[in-house]
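Before any comments, here is the structure.
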Amino acid sequence: SSAPPAAPSSVPTAGTEAALRSLVAGLASGSPDYAKLSPPFAEVVRRDLPMTRPMFASLGELKSVTFREHGSRGDDAYNLVFANGEVIMSAALDAEGRMTGGNLQPVTGEPTESGEQGRQLAKEYRVRDSHTLTSCSICHR
């Protein structure tokens, strides 16, 4: 089952959805646009690409991106639904509009084929439980 949507009155920060879409496409293809990332976050993305590329490639086509909420570190969280799974990701931007970091969290719920895929990916890539966000931005800001 999908994660619940954000309250209707919530409005994301301009640019965060586009930044996530760009990052996800770049991770899946193996060619992120590092110019759209802050230098410290670009280093993290470059270092982690051998892990993140197969994960995002296996999720398949990105079907939808739905805003959930504003995070406590100035990030915006979204539900990302792919052909083969679903995750919650967030993005924070700097003054130049570059992505400075974010969170990645598996979506848990009723057992489904995509839910099973998400659990397998979470285990394979050592994603923490659904109550603890995995965040590169905690250490890399």
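Assorted remarks:
- Only residues that are of a type in the set (G, A, S) and in a strand (DSSP E or B) were counted in segment 76-103, giving 6.
- Pick from segment 62-75, criterion modelled with pLDDT under 95 and open to solvent by less than 40 Å² (accessible area, probe 1.4 Å), ranking: nearest to G30 (Cα to Cα): D75
- Criterion (of a type in the set (A, V, I, L, M) and either over 13 Å from the mean Cα position of the chain (by Cα) or surrounded by fewer than 17 Cβ atoms within 10 Å (Cβ to Cβ) (or both)) met by exactly one of L104, L20, L37, L59: L37
- For G118, the stated conditions hold: it is at pLDDT below 80, open to solvent by less than 50 Å² (accessible area, probe 1.4 Å) and small (G, A, S).
- Test: G85 is in contact with a Gly (Cβ under 6 Å, 6 or more places away or on another chain), open to solvent by less than 10 Å² (accessible area, probe 1.4 Å) and of a type outside the set (D, E): yes
- When segment 34-57 is filtered for residues that are out of contact with any helix residue (DSSP H, G or I) (no Cβ under 7 Å at 6 or more places or on another chain) and farther than 27 Å from A95 by Cα, the ones remaining, listed by number, are P50, M51, P54.
- Taking segment 40-53 as the range and being crowded, with 17+ Cβ neighbours inside 10 Å, under 18 Å from F82 (Cβ atoms) and not polar (S, T, N, Q) as the test, only R53 passes.
The values are calculated or read from the model by the stated rules, or taken from the named source; none is laboratory data. Since the structure is predicted, the reported quantities are computational estimates derived from the model, not experimental observations. A quick note on method: Cβ atoms are made from the backbone with ideal geometry, for glycine too, and the neighbour counts reach across all protein chains shown. Side chains are part of the model used for accessible areas, which takes the heavy atoms of the whole protein and leaves out ligands, DNA and RNA. Shrake-Rupley method; radii C 1.70, N 1.55, O 1.52, S 1.80 Å.
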